[in-house]
Each structure stands twice: as structure tokens, then as C-alpha cells.
Amino acid sequence: MELSEIQFVVEDQFLDIAIEISKPSPEKLRLILRDKSFVDIRLSQNVKNRFDFHWERTHIDNTIYRYDNFPDTKFKKLETFPCHFHFQKENKVIVSPFSKNLPNAFVDFMEFVRQEMGKS
């Protein structure tokens, strides 16, 4: 999957929460959300099917959310390894509640973002 395909998914399904889309680097897409938080989507150019989705909210409520499939051995005991979810804090890592494959993983993550934004 390419970033252009991710951008198409955003434009098709998530314009209710994403107000701006930019491409700060060849492997990253950034979404500015209506609450002024942002989501960075990175697709590795070097390793096929390696990704991370990072929702930055530290300036709003001091939280971050990141779903990635980097095989960090610290999380090897998680049943969804190498997939894992940084929940609210960098060091609070839990089993991934999202699909393991693109593009479903991205859609699942953005549905989570939409749901969480609706709570505030």
C-alpha cells in the first residue's frame, strides 16, 4: 500500500475529522484534525508492510496513541506481537485492538480516533 492510497481512504471516509492533509516526507502523511491534534502515518520505504500510526495529543491532554508493527522485543509477550498499541503514553503498551494488515489497520485506527474525539 502507498501513501496515496491512505490519502484516498482519508478523503473518502475521514474528512469529518481530518481538516488538512500534508506529506512532510516520502514515507509520512500528516493529518491535522479538527481539534488541532494530528495523526502521522508512516509506511516504511525499506521494509515491506512496516507501518505506524501516531496520534499526537500532548498539547491537548498530554496523551499519545500509536499503533505499529515494529518488532520491538520488549513487547514479544503480547499475543499480537509484533503489532502493539501505545495507549495514552509512550510506555503504556497493550495488545493491539486493530487489524494487523493494511488498509484495515489504518481504518480501524482512524475509527478509534473518531470515537475518542467524539468523547471530548
task = Would you please list the contacts, defined by Cβ atoms under 9 Å and residues six or more apart or on different chains, that run from a residue in segment 3-21 that is closer than 16 Å to TRP55 by Cα to a residue that is among the polar types (S, T, N, Q)?
result = ILE21/GLN7
request  = Would you please list the contacts, defined by Cβ atoms under 6 Å and residues six or more apart or on different chains, that run from a residue in segment 49-78 that is hydroxyl-bearing (Ser, Thr, Tyr) to a residue that is open to solvent by less than 20 Å² (accessible area, probe 1.4 Å)?
outcome  = THR63/ARG57; TYR65/TRP55; TYR67/PHE53; TYR67/PHE85; TYR67/PHE109
message = Among the numbered criteria (1) out of contact with any Leu (no Cβ under 6 Å at 6 or more places or on another chain); (2) open to solvent by 80 Å² or more (accessible area, probe 1.4 Å); (3) not polar (S, T, N, Q), which one does LYS23 miss?
response = (1)
inquiry  = So, in segment 28-59, exactly how many residues are surrounded by 17 or more Cβ atoms within 10 Å (Cβ to Cβ), over 18 Å from GLU11 (Cα atoms) and among the hydroxyl-bearing types (Ser, Thr, Tyr)?
reply    = 0
request  = Name the single residue, out of those in segment 70-120 being assigned to a helix (DSSP H, G or I), polar (S, T, N, Q) and under 26 Å from PHE8 (Cβ atoms), that is least open to solvent (accessible area, probe 1.4 Å).
outcome  = ASN104
remark   = Counted residues in segment 2-35 being in contact with a helix residue (DSSP H, G or I) (Cβ under 7 Å, 6 or more places away or on another chain), part of a loop (DSSP other than H, G, I, E, B) and not β-branched (Val, Ile, Thr) come to 2
ask   = Within segment 36-46, which residues are part of a strand (DSSP E or B) and modelled with pLDDT of 95 or more?
value = PHE38, VAL39, ASP40, ILE41, ARG42
query = Quick one: in segment 61-92, which of the residues that are of a type in the set (Val, Ile, Thr) and within 14 Å of the chain's Cα centre (by Cα) is nearest to ILE6 (Cα to Cα)?
reply = ILE64
ask   = Can you name the number of the only condition in (1) touching a Leu at 6+ places or on another chain (Cβ under 7 Å); (2) loosely packed, with under 12 Cβ neighbours inside 10 Å that ASN62 fails?
value = (1)
Qualifying positions in segment 42-89 - among the polar types (S, T, N, Q) and under 17 Å from ASN104 (Cβ atoms) = ASN49, ASN69, THR80
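The values are calculated or read from the model by the stated rules, or taken from the named source; none is laboratory data. Remember, it's a predicted structure, so these values are computed and weren't measured experimentally. Please note: Cβ atoms are built from the backbone with ideal geometry, for glycine as well, and neighbour counts cover all protein chains shown. These area figures cover heavy atoms from the full protein model, side chains too; ligands, DNA and RNA do not enter into them. Shrake-Rupley method; radii C 1.70, N 1.55, O 1.52, S 1.80 Å.
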